[in-house]
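Laboratory data are not the source of any read-out in this text; all were calculated from the coordinates shown. No experiment lies behind these values; they were computed from the predicted model shown. With ideal geometry, Cβ positions are generated from the backbone for all residues, glycine too; neighbour counts draw on all protein chains shown.
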Ligand code: HEM
Ligand code: CU
């Protein structure tokens with residue numbers, strides 16, 4: 001391939017998509033994707049530590065054409081805590097690229113692939129525990145357009161459903177850690193479009209004008225739930241079933257599998273607010289899977305004669321139906337006055353900072369996060385354990401006879417918080433019962 005045929009891919013955050021490929025020839029397409037772990041808003045008053053491809057959930061939209069040679073560089077930001085990789089369903093090759101892209105924080109990896117099959121494909125992280133990486137938001141869409149491009153339309157948007165599992169119930173306030181057990185049980189607290197409740201409602205609604213044709217690239221990251229994608233007040237003129245070549249017409253609701261996608265197209269004929277839902281309807285009105293397409297323009301009484309009110313479904317809302325509790329906030333740097341207080345404060349720190357990886361009973365996650373319960377590694381050396389928390393830990397270690405070779409980044413905690421959390425860990429789950437003080441922590445901190 002000649003050098004002048006190389007081009008940098010335009011990447012976009014949802015609900016936007018890059019410029020259509022049109023009639024361009026196959027090229028070498030350079031994709032630079034950055035992984036960012038960052039706290040964002042799940043719903044009013046509730047935050048979540050999202051793991052993202054490109055800083056958004058879903059991750060940046062990638063637009064290619066069949067025959068492109070994609071040179072893909074995956075960078076893992078140095079502030080991130082974990083290694084990640086990428087499995088693109090558009091790739092023909094081992095792990096969809098996962099094997100060649102496994103990358104630790106502060107590193108980057110490059111691999112390349114040829115787009116052989118046109119279609120709309122999901123990409124996602126495939127690092128163990130895979131379900132946890134996907135559940136934290138590590139998915140997105142890559143479009144491979146056919147030769148000559150998709151037919152022109154007036155508006156194109158990017159929408160992706162995902163289910164989230166939080167320690168607290170739907171609507172519980174504060175930073176909510178991931179809950180492994182709820183994820184295994186497929187008991188979602190939030191089911192949303194584009195990463196959060198309200199990402200596509202109110203001021204964030206997508207728009208079109210009467211008479212325009214609209215194309216939605218709809219994906220489903222899962223990790224668990226299948227979407228019954230429906231637009232209230234509209235019929236899909238065309239659905240590219242499962243994102244492939246098969247076109248179905250005149251569809252009310254289309255199934256989008258976890259790890260799958262569909263392209264839906266329709267012309268908007270009358271003004272009003274169309275409501276995008278997962279028609280497993282409690283998810284829409286009680287867990288967040290609700291978006292809006294606002295259509296402006298002239299009324300057409302022949303097509304629809306009645307009154308059209310905006311937000312007709314809003315009174316029920318993407319409902320937060322429980323009163324929030326605010327009593328779980330940890331006060332940093334208030335020294336514990338007794339062992340009992342150290343245990344109490346330490347447990348709070350644990351639930352906010354360690355639980356997601358080391359789990360509620362310190363049991364860890366096989367092949368990914370070592371146990372803290374009855375951990376020989378922990379009990380053998382206090383300074384080493386403190387160091388893992390305040391300075392981070394990488395490289396091969398053996399815990400209770402099992403090898404781990406991963407990364408734990410340093411935890412952003414005050415010396416008192418570290419003393420409390422480690423006291424809690426040492427006095428739980430069959431550990432040796434040591435008490436850690438602020439002074440012991442300060443001695444070990446680099
Ligand atoms: C290792 C404690 C947060 C991932 C360890 C170890 C300890 C420890 C004592 C040494 C091995 C063992 O005894 O099992 C803590 C505490 C945390 C915390 C007290 C909270 C303040 C986290 C988080 C993650 C994580 C949030 C994941 C994002 C890991 C990993 C290792 C490890 C991957 C093994 C590192 C290696 O292979 O070298 N942790 N941890 N930890 N932790 Fe944590
Ligand atoms: Cu990941």
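Between residue 282 and residue 16, the FRET efficiency from the beta-carbon distance, with R0 = 35 Å, is close to 0.75. Using the alpha-carbon centroid of each, what span in Å lies between the range 376-395 and the range 16-56? One Cα centre to the other: 35 Å. Listed from fewest to most Cβ neighbours within 10 Å, the set 100, 360 follows the order 360, 100.
Per-peptide packing, taken as the mean over residues of other Cβ atoms within 10 Å, places 387-393, 437-443 in the sequence 387-393, 437-443 from highest down.
If you plug the beta carbon distance of residue 397 and residue 187 into 1/(1 + (r/R0)^6) with R0 = 22 Å, you get a FRET efficiency near 0.10. Relative to the current alpha-carbon distance between residue 432 and residue 334, full extension at 0.36 nm per residue lengthens the span by 32.7 nm. As a rough footprinting exposure proxy, the listed residues 74, 372 were ranked by other beta carbons within 10 Å of their own, and the order from fewest upward is 74, 372. Counting neighbouring Cβ atoms within 10 Å and putting the fewest first, the residues 56, 75 line up as 75, 56. Fully extending the segment from residue 302 to residue 412, taken as 0.36 nm per residue of separation minus the present Cα-Cα distance, adds 33.4 nm. For the chain, the square roots a ≥ b ≥ c of the C-alpha gyration tensor eigenvalues yield an a/c of 1.5 or more together with a/b not exceeding b/c, which makes the shape oblate. In summary, the range 141-245 shows an alpha-carbon radius of gyration equal to 1.29 times the 2.2 N^0.38 Å reference for compact globular proteins. Classify the range 30-159: rounded, prolate or oblate, from the alpha-carbon gyration tensor (a ≥ b ≥ c, eigenvalue square roots; a/c under 1.5 rounded; otherwise prolate if a/b is larger than b/c)? Since a/c reaches 1.5 but b/c is at least a/b, the shape of the range 30-159 is classed as oblate.
Once the Cα atoms are used to define both axes, helix 382-391 deviates from the longest principal axis of the chain by about 30 degrees. If I fit a long axis through the Cα atoms of helix 415-426 and take the longest principal axis of the Cα atoms of the chain, what angle between them do I get, 0 to 90°, rounded to 10? With both axes taken from Cα atoms, the answer is about 80 degrees. Only Cα pairs under 8 Å and 6+ residues apart enter the sum, and on that basis the relative contact order of the chain stands at 12 percent. Using Cα springs under 10 Å in a Gaussian network model of the chain, which residue among 80, 170, 204 shows the largest mean-square fluctuation? With Cα springs under 10 Å in the chain, the top fluctuation among 80, 170, 204 is at 204.
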